[in-house]
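*Asks:* I'd like to ask some things about the structure below.
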Amino acid sequence: MNKDLIRNFSIIAHIDHGKSTLADRFLELTHSITGKMKYCKQMLDDMDLEQERGITIKAHAVRMEYQAADGHNYLLNLIDTPGHVDFSYEVSRSLVACEGALLVVDASQGIEAQTLSNLYLALEHDLTIIPVINKIDLPAANVPAVTQSICDLIGVDESEVIPISAKMGTNVEKVLERIVEIVPPPKGDKTAPFRAMIFDSVFDTYRGAVPYVRVVDGEIKKGDWIEFFSNDKTYEVDEVGYLRLKKVPCEKLTAGEVGYIIANVRNVADTKVGDTITVASNPADTPLPGFKDIKPMVFSGIYPADSDDYVQLRDAIDKLKLNDASLIYTPETSAALGFGFRCGFLGLLHMEIVQERLSREYESSIINTVPNVEYRITYDNDETKTIDNPINMPPPARGITIEEPFVRANVISPPDYIGNIMKISMERRGVYHTTEYLSTDRVVLHYDFPLSEIIFDYYDKLKSLTRGYASLDYDYLGYRESDLVRLDILINGDPVDALCSIVHRDKAQRHGKMLCSKLRELIPRQLFEVVIQSAIGNKVISREVVKPIRKNVTAKCYGGDITRKRKLLERQREGKRRMKTVGRVDIPQEAFLAVLKIDR
Amino acid sequence: MNSKSQSFKSAGIYIHIPFCVSKCHYCDFYSVPKAENLIAEFIDCIHSEIESASLRFAKECEVNTIYFGGGTPSILPAESLVEILNSVKSDFFISDSTEITLEANPESVTTDELKLLRQAGFNRISIGVQSFENKDLLFLRRVHDSDQALNAVKVAQNTGFANISIDLMFAIPEQSIDTAISNIEKAATLEVKHISLYGLTSEPGTPLGKSVEDGLVTLPDGDRYADFYLNICDKLRSLGYQKYEISNFAKPGYECGHNLNYWNYGTYFGFGPSGHSAIIDCNQNRLRVERFWNIRDLQTYIKCIRSEESTVETKEILNDKQIRLEKLQLQLRQQCGIAITEIMMDKTGSFREYLEILAGIGHVIITPDERIILTDEGAVVADELILNLSNLIITQS
């Protein structure tokens, strides 16, 4: 393939700004899909969950052939990017695989935080940006204002911004023409040793982990032996090909092309995003830059609701892991919840996705404990350890330093809501830096936050305080010292490991009090009095009592219909089996999420 | 019938008369409005059902109790009731001491009819008084008033019924504990021998259930319910009524044999739509429990009988686990309680420990001969106790 006729690009857009619809139009215009497939769904999002949530979770790619006005046949590779902050590393790898990016902005919404940070990523990697305003057909569209803010942001001329309606098909072809015209063809040396960067990987039950790659130098074909720079393993290539709506095998992939490599790699963990693949017979000296072994930021326990189902849950997690290299898990045991797993996630969305996939796969309910970040403890003697489960936090003592991860966050919103944003951010221990105006009606506020303060419901709160206008994005900064304490919950004197949490000392009092009162609502009255306490070390902060039940009796137990009564009891027994028992107290599953629900 | 086979067992017979003058809004028993043509057909069908059951079972049973329930049996003409009783008598073995109960509503009791019924062999009457207070009766949408209730008891006494039971209700919205107590005092003054006493409960699917769900009616909360019950139990005991089951109190010797048979794993046959039957056998200390029940619809019931099809809707044979659950449910509600050995294999484990905690908070008494007996406090939370105990039993086995 002539490199000069290849264009690799991606689309930067906020959720619902029309990325998938635009991609569909491209597929139609380039005849990459046949008539019957059209309109059945947005073609790029092929996972159920993605379609339901209207977001793209994992990057995919699609190759299109386009005959441009200049008469040449171009090969266009659209590399999709995940649309959420948890996956910013994956986004950066997808962008690096491209030479150009479409910046798609909703004509009625304007630029959002996610768009902005992905745009910065693209600029950082010297991508050619093509600004596009979508949804110009909407009555609420404000094309001049949005055009102006885009021009201010990236310093382009108004004439360079293409107004389109992906839904109606208006000006979509213009976009393709512009791609061909201004996105540079890929660089790279066809004759150099083979180097390709993995920007995604999927698991195929029959063929193992399949990396999706952008070839930078050289070429690869069936029968070659490949090596991964991050782990030195070698595999024989069974098939190479490109991606249309499914995999299409081809003879070889050469510099500048985008495609997949099947080499019977057993484990997705061996096909790490960002890693460089080379050929064993003529290996490259150096990997492509930018590889990072990404680490989970958020941790949570996952337990089977019914303790007997541990094995099924384990099988389901094992299976999920095959397709999700960023999911980390180790078995753990909780006194309250039995056998389960401590899982590490890239972020809160990633956690939600895993939980949802798991409950679908496993077809039974699971209990998720409250998510937490990883803390770092340093003792007097300079001994350091990290803690991913609050229960392992030592009691307050002299000579211990506790650090927690911080992030730099950008909050974008109309200026009217600055007051609300500042208020909630202060409550979340945010450290304010600056405010910038993107345009007259959009500001960006820069904050440093402890990650733990924003992984719960900060984003939801932010949305509701700004009528849905604000958007949020953050980058990892590093560990900083904080005055943190472990808040224990005791039920009838026994500490409940699964309800333990780590909070800032200033918030502990209020938090403990609210948690106790929430638990009092959720724990049903039982035969015995239930005392709920929150405590830091030996000091009890708050106490609530669930009074013993006074009445639960079938008044009338005559008539010969004994079966009905027995069946009722059988049903109740089933319900009770779903509860977890601490000491002699039955605790419903919802109680373990109470910590999440309380207003921080 | 006059010849008995070698191995016979005692049994109860229940006859479901599915007619009511009007449906009480809290009731979820099966009944339809009274309709003359249906009544005639129903009686005909009951005869057939009794006869065909007798061909299968009469040889091995001696019937110790017969119970006419409903619905409202007393809205049938006395002659019809007698006719049905006679067909039971002619098809099954009956003794002189067989307890024969008629359920009656106060408004449908007359001297002439009760006389006739008494002569025909009915020897026990259970009157659905519910309350002697008009305000309560109004809430319950009963057809009768307080005077009719008093009168019904007196008519029964005057026509020779020595064994009279009344149903009373408590925890009716706006009822005071004093009213509930005074209901009992009236019953005692009338010298009724047996009182069934139950708290008003909202059953799903009944009009009351819906009103409660919609927030139109609020029933007394658990604490108040318990106060009612504890006060009532004390009062009844002071008046000489023994509690023999959570909701049943009687002067010594006047316990309801028919209900005891249900609760103590006796065989029984239920005739009429929605009638429930159980056939219990014991071979080498192993119980075999078979339950079956009739279709809960009068028209279909009649159609089945007419076309000689089975009226049985469902049949089940219980496994050991189900038998143990039922025993726990049925026996723990009775004042004699349940022998620990009946439900537990291991006498030292967590079950024992749990029982002692329950005894400690005053819900149960463990007798020297190792029976578990509910206290009044325990009785109000019986379902919760049974549920908790059942979990320990079943997980231990």
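*Asks:* Give the distance, in whole Å, between the Cα centre of region A:279-293 and the Cα centre of region B:25-51.
*Replies:* 88
*Asks:* Binning every alpha carbon pair distance of region A:298-369 at 10 Å from zero, what are the percents per bin?
*Replies:* Pair shares across the bins are 22, 62, 17, 0.
*Asks:* Follow-up question, since we're still on this one. How long, wide and thick is chain B, going by the Cα atoms along their three principal axes, in whole angstroms, largest first?
*Replies:* 59, 54, 42 Å, listed from the longest principal axis down.
*Asks:* Counting helices only, and only those DSSP H runs with n ≥ 4, report the 222 nm mean residue ellipticity of chain B as the sum of -39,500 (n - 2.57) divided by its residues, in deg cm²/dmol to the nearest 500.
*Replies:* Taking each H run of at least 4 residues, the total per residue is -12500 deg cm²/dmol.
*Asks:* How large are Rg and Dmax for the protein assembly as shown when only the alpha carbon atoms are used, in Å?
*Replies:* 38.7, 118
*Asks:* Here is a follow-up. Explain nothing, just the number: relative contact order of region A:376-482, from Cα pairs under 8 Å at least 6 residues apart, as a whole percent.
*Replies:* Averaging sequence separation for qualifying contacts and normalising by length gives 35 percent for region A:376-482.
*Asks:* Further question: Using a 10 Å cut-off on Cβ atoms, rank the peptides B:21-27, A:265-271 from the highest mean neighbour count down.
*Replies:* Working: B:21-27: 17.1, A:265-271: 19.1.
Ranked from most to least packed, the peptides come out as A:265-271, B:21-27.
*Asks:* Between A:D137 and A:K463, what is the label-point separation in nm under the 7 Å Cα-to-beta-carbon projection?
*Replies:* The two pseudo-label positions are separated by 2.6 nm.
*Asks:* Assuming R0 = 60 Å, can you tell me the calculated FRET efficiency for the pair B:R296 and A:E239, based on Cβ-Cβ distance, to the nearest 0.05?
*Replies:* The computed FRET efficiency comes out at 0.40.
*Asks:* When the dipole is taken about the Cα centre of region A:376-482, and only Lys, Arg (+1) and Asp, Glu (-1) are charged at their Cβ, what size is it in debye, to the nearest 20?
*Replies:* Charge dipole, region A:376-482, about its Cα centre: 300 debye, nearest 20.
*Asks:* Then there's this: Considering only B:Y354, B:I365, B:V381, whose Cα is most displaced toward the positive end of the charge dipole of region B:335-397, charges sitting on Cβ of Lys, Arg (+1) and Asp, Glu (-1)?
*Replies:* Farthest along the dipole direction, towards plus: B:Y354.
*Asks:* Under unit Cβ charges (Lys, Arg +1; Asp, Glu -1), what dipole magnitude, rounded to 20 debye, does the protein assembly as shown have relative to its Cα centre?
*Replies:* Dipole about the Cα centre, nearest 20: 1760 debye.
*Asks:* List the residues of region A:546-565 whose backbone N lies under 18 Å from a point placed 7 Å from the Cα of A:E529 along the Cα-to-Cβ direction.
*Replies:* Zone members listed by number: A:546-551.
*Asks:* Let me ask something additional. On average, how much area does the Cα convex hull of region A:485-597 cover when viewed from any direction, in nm²?
*Replies:* Details: hull surface 30.9 nm².
With every direction weighted equally, the projected area is 7.7 nm².
*Asks:* So which trypsin sites (Lys or Arg not before Pro) in region A:362-452 pass both tests, a DSSP loop state and at most 12 other Cβ atoms within 10 Å of the Cβ?
*Replies:* Filter output for region A:362-452: A:R398.
*Asks:* Can you give the Rg to Rh ratio for region A:376-482, taking only C-alpha atoms and Rh from Kirkwood?
*Replies:* On the way: Rg = 16.6 Å, Rh = 15.2 Å.
Using only Cα positions, Rg/Rh for region A:376-482 is 1.09.
*Asks:* Give the relative contact order (percent, whole number) for chain B; include only Cα pairs under 8 Å separated by 6+ residues.
*Replies:* 14
*Asks:* Do me a favour and compute the ellipsoid semi-axes for region A:191-240 from its Cα gyration tensor, root of five times each eigenvalue, largest one first, whole Å.
*Replies:* 18, 12, 11
*Asks:* Another question about this same structure. Within a 10 angstrom radius of each residue's Cβ in B:192-199, how many Cβ atoms of other chains show up on average? Whole number is fine.
*Replies:* For peptide B:192-199, the averaged partner shielding equals 2.
*Asks:* If I histogram all Cα-Cα distances within region B:283-376 using bins 5 Å wide from 0, what percent of pairs lands in each bin?
*Replies:* Cα pair-distance distribution for region B:283-376, in percent: 3, 11, 15, 16, 12, 9, 10, 8, 6, 5, 4, 1.
*Asks:* Considering only Cα-Cα distances, which of the following residue pairs are longer than 18 Å: A:K19/A:K463; B:K23/B:K210; A:K423/A:K463; B:K23/B:K193?
*Replies:* Correct reply: A:K19/A:K463; B:K23/B:K193.
*Asks:* Hey, another quick one. Under a 1.4 Å probe, what is the accessible area of chain B per residue, stated in Å²? It would help to have the intermediate numbers written out before the result.
*Replies:* Details: 16300 Å² over 397 residues.
Solvent-accessible surface per residue comes out at 41 Å².
*Asks:* Would you work out which of A:V240, A:V215, A:F203 lies farthest towards the positive end of the dipole of region A:195-279? Charges go on Cβ: Lys and Arg +1, Asp and Glu -1.
*Replies:* Result: A:F203.
*Asks:* Inside 10 Å of the C-beta atoms of B:324-336, what's the mean count of C-beta atoms belonging to other chains?
*Replies:* Partner Cβ neighbours, averaged per residue: 2.
*Asks:* Efficiency by 1/(1 + (r/R0)^6): what FRET value for A:E158 and A:D4, r their Cβ-Cβ distance, R0 = 35 Å, to the nearest 0.05? If you can, show how the numbers build up before the last one.
*Replies:* Working: r = 30 Å, r/R0 = 0.86.
Result of the calculation: an efficiency of 0.70.
*Asks:* I've got another one for you. Among B:249-257, B:317-325, how do they line up by average Cβ neighbours within 10 Å per residue, starting with the highest? Present the calculation step by step, with values, prior to reporting the outcome.
*Replies:* On the way: B:249-257: 18.8, B:317-325: 15.7.
Per-residue mean Cβ counts within 10 Å order the peptides as B:249-257, B:317-325.
*Asks:* Same structure, new question: Kindly flag which residue pairs out of B:K115/B:K251; A:K551/B:K9; A:K190/A:K321; B:K59/B:K315; A:K292/A:K319; A:K246/A:K321 have an alpha-carbon separation exceeding 27 Å in this structure. Kindly include the intermediate steps, with their values, before the conclusion.
*Replies:* Values: B:K115/B:K251 24 Å; A:K551/B:K9 38 Å; A:K190/A:K321 35 Å; B:K59/B:K315 22 Å; A:K292/A:K319 24 Å; A:K246/A:K321 22 Å.
Distance filter (> 27 Å) returns A:K551/B:K9; A:K190/A:K321.
*Asks:* Go through region B:354-370 residue by residue and turn each phi into a ³J(HN,Hα) via Karplus (6.51, -1.76, 1.60, θ = phi - 60°); whole Hz please, and just put x for glycine and proline.
*Replies:* With coefficients 6.51, -1.76 and 1.60, one gets 5, 4, 5, 5, 4, 5, x, 8, x, 8, 9, 10, 9, 7, x, 8, 6 Hz.
*Asks:* What is the calculated FRET efficiency for B:D147 to B:E79, with r their C-beta to C-beta distance and R₀ = 25 Å, to the nearest 0.05?
*Replies:* 0.35
*Asks:* Does anything in region B:17-59 have its amide N under 14 Å from the 7 Å Cα→Cβ label point of B:K9, and if so which residues?
*Replies:* B:57-59
*Asks:* Can you work out D for region A:195-279 in µm² s⁻¹ from Stokes-Einstein, where Rh is the Kirkwood radius over C-alpha pairs, the temperature is 10 °C and the viscosity is 1.306 mPa s?
*Replies:* Once the numbers are plugged in, D ends up at 130 µm²/s.
*Asks:* Want the number for A:K567 to A:Y432: 0.36 nm per residue separation, take away the alpha-carbon distance, what's left? Present the calculation step by step, with values, prior to reporting the outcome.
*Replies:* Details: separation 135, 0.36 × 135 = 48.60 nm, distance 6.02 nm.
Gain on extension, A:K567 to A:Y432, equals 42.6 nm.
*Asks:* If pairing requires two Cys Cβ atoms under 4.7 Å apart, which cysteines of chain B are left without a partner?
*Replies:* Within chain B, the cysteines lacking a partner Cβ under 4.7 Å are B:C20, B:C45, B:C61, B:C233, B:C256, B:C282, B:C304, B:C336.
*Asks:* Report the label-to-label distance for A:R510 and A:L29 in nanometres (one decimal), using points 7 Å from each Cα along the Cα→Cβ vector.
*Replies:* Inter-label distance under the simple model: 5.2 nm.
*Asks:* From the residues A:L337, A:I366, A:L322, which one has its Cα farthest along the dipole of region A:298-369 in the positive direction, the dipole being from +1 and -1 charges on Cβ of Lys/Arg and Asp/Glu about the Cα centre?
*Replies:* Sorting the options by dipole projection puts first A:L322.
*Asks:* Can you check what the net charge comes to around B:F42, using other residues whose Cβ is under 13 Å from the Cβ of B:F42 (Lys, Arg +1; Asp, Glu -1)?
*Replies:* Result for the neighbourhood of B:F42: -3.
*Asks:* OK, next. Using a 10 Å cut-off on Cβ atoms, rank the peptides A:234-242, B:328-336 from the highest mean neighbour count down.
*Replies:* Working: A:234-242: 18.0, B:328-336: 20.7.
For the peptides A:234-242, B:328-336, the packing ranking is B:328-336, A:234-242.
*Asks:* Given 0.36 nm per residue, what is the gain on full extension from B:E356 to B:S211 after removing their alpha carbon distance, in nm?
*Replies:* 48.1 nm
*Asks:* So, in nm, how far is label B:V312 from label B:Q242 when the simple model puts each one 7 Å beyond its Cα toward the Cβ?
*Replies:* 3.7
*Asks:* Computed from the mean reciprocal separation of all distinct C-alpha pairs, what Kirkwood hydrodynamic radius does region B:55-139 have, in Å?
*Replies:* That comes to 14.1 Å for region B:55-139.
*Asks:* May I pose another question? Just checking the output field for A:538-551: average partner chain Cβ neighbours within 10 Å of each residue's Cβ? The partial results should precede the final answer.
*Replies:* Details: counts 0, 0, 0, 0, 0, 0, 0, 0, 0, 2, 6, 7, 12, 17.
The mean count of partner-chain Cβ atoms within 10 Å per residue comes to 3.
The values are calculated or read from the model by the stated rules, or taken from the named source; none is laboratory data. This is a predicted model, so every value here is computed, not measured. Note that each Cβ is placed from the backbone with ideal geometry, even for glycine, and that neighbours are counted across all protein chains shown. Keep in mind that these areas ignore ligands, DNA and RNA; they rest on the heavy atoms of the full protein, side chains included. Shrake-Rupley method; radii C 1.70, N 1.55, O 1.52, S 1.80 Å.
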